[in-house]
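Reading through the structure tokens given below for one structure.
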Amino acid sequence: MTEAEAYDAVVRGRRSIRGFLDKPVPRELIAEILGVAMRAPSSFNNQCWNFSVVTGEALAAIRQGNTEGILAGKPDSREFRRFDGIAEEHRFRQIEIAKQLFGAMGIARDDKDARQDWVLRGFRQFDAPVSIVVTYDRVLLGSDIAPFDCGAVTNALVNAAWSRGLGCVINSQGIMQSPVVREHAQIPDDQVIMICVAMGWPDEAFPANAVVSNRKTVDEAVRFVGFDD
Ligand SMILES: Cc1cc2nc3c(=O)[nH]c(=O)nc-3n(C[C@H](O)[C@H](O)[C@H](O)COP(=O)(O)O)c2cc1C
């Protein structure tokens, strides 16, 4: 296999994983994955990212606190800026992936209980054995660079995990009640919570894990400028 073929196999093969085996992930393997991920580029080589790798009782407390807060109607307290006006083609894609996932799981459109159950799974980080909370240095709060660099390292992280047989889902639901995450993951005050990544060994029997999401075509997304042809 060429280097390009090996790389493409990981990138094209990776899918978000939302069903995990009840099997621990070795700490050394997570450290190895993060070491590879941190080869990601960053602005001025700032490397403003930090990671809190959470499992066991601490993760159980985060799941519980996040879920309880949401069920009690506590407002979203994520530390990143949201965009609430999602519409048109972006809304279409959101609905498209939801339809794919619900279809795979056999959740009917009018089955409110099953839909609620799915949403709660998301808030529990899909019961993954590990959650990696990605944060950035607070001194960079307000810049767009810090989220950009966190995105680069998070993409590298999910691909490095996939290449080792581990599955991930980048999961903004899991940090909805960010004070709970901050408390139980013991996030230092000088770090801002960007996102979390649920990680574990994929459960091959979990239907949603087989879903392959769609992408825009290169023709739709790309303009070539200044080329002869
Ligand atoms: C910033 C970010 C936040 C996400 N949050 C969630 C989430 O809360 N719940 C979820 O099920 N998937 C979440 N996802 C996963 C996306 O739905 C998924 O990446 C997208 O549908 C493409 O599918 P794929 O990862 O299988 O290629 C998130 C992805 C990103 C990049």
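Structure summary
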quantity: Count of residues meeting criterion [among the charged types (D, E, K, R) and part of a loop (DSSP other than H, G, I, E, B)] in the range 32-54; calculated: 1
quantity: The range 209-229, residues that are under 29 Å from the mean Cα position of the chain (by Cα) and part of a loop (DSSP other than H, G, I, E, B); calculated: 211, 212, 213, 214, 215, 216, 217, 222, 223
quantity: Filtered residues of the range 87-109 (kept if aliphatic (A, V, I, L, M) and surrounded by fewer than 12 Cβ atoms within 10 Å (Cβ to Cβ)); calculated: 87, 95, 108
quantity: Subset of the range 203-227 [closer than 25 Å to residue 89 by Cβ, more than 12 Å from the ligand (Cβ to nearest atom) and either in contact (Cβ under 8 Å) with a residue 60 or more places away in the chain or among the polar types (S, T, N, Q) (or both)]; calculated: 217
quantity: Out of 202, 179, 207, sole residue that is surrounded by 18 or more Cβ atoms within 10 Å (Cβ to Cβ) and at pLDDT 95 or above; calculated: 202
quantity: Candidates 17, 86, 33, filtered to the one that is modelled with pLDDT under 95 and among the β-branched types (Val, Ile, Thr); calculated: 86
quantity: Selection within the range 1-50 - touching a Pro at 6+ places or on another chain (Cβ under 8 Å), of a type in the set (Val, Ile, Thr) and over 19 Å from residue 151 (Cα atoms); calculated: 25
quantity: Subset tally (residues that are more than 24 Å from residue 70 (Cβ to Cβ), in contact with a helix residue (DSSP H, G or I) (Cβ under 9 Å, 6 or more places away or on another chain) and in a loop (DSSP other than H, G, I, E, B)) for the range 156-187; calculated: 3
quantity: Long-range neighbours under 6 Å by Cβ, at least six apart or interchain, first residue assigned to a helix (DSSP H, G or I) within the range 4-20, second not polar (S, T, N, Q); calculated: 10/162
quantity: Among residues of the range 53-67, those that are surrounded by 13 or more Cβ atoms within 10 Å (Cβ to Cβ) and free of Cβ contacts under 8 Å to residues at least 12 places away in the same chain, counted; calculated: 2
quantity: Residue in the range 41-52 that is surrounded by 11 or more Cβ atoms within 10 Å (Cβ to Cβ) and within 17 Å of residue 202 (Cβ to Cβ) present; calculated: no
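The values are calculated or read from the model by the stated rules, or taken from the named source; none is laboratory data. Predicted model, so just to flag it, every value in this text is computed and none were measured. Quick reminder, even Gly has a Cβ in these numbers, built from the backbone with ideal geometry, and neighbours come from all protein chains shown.
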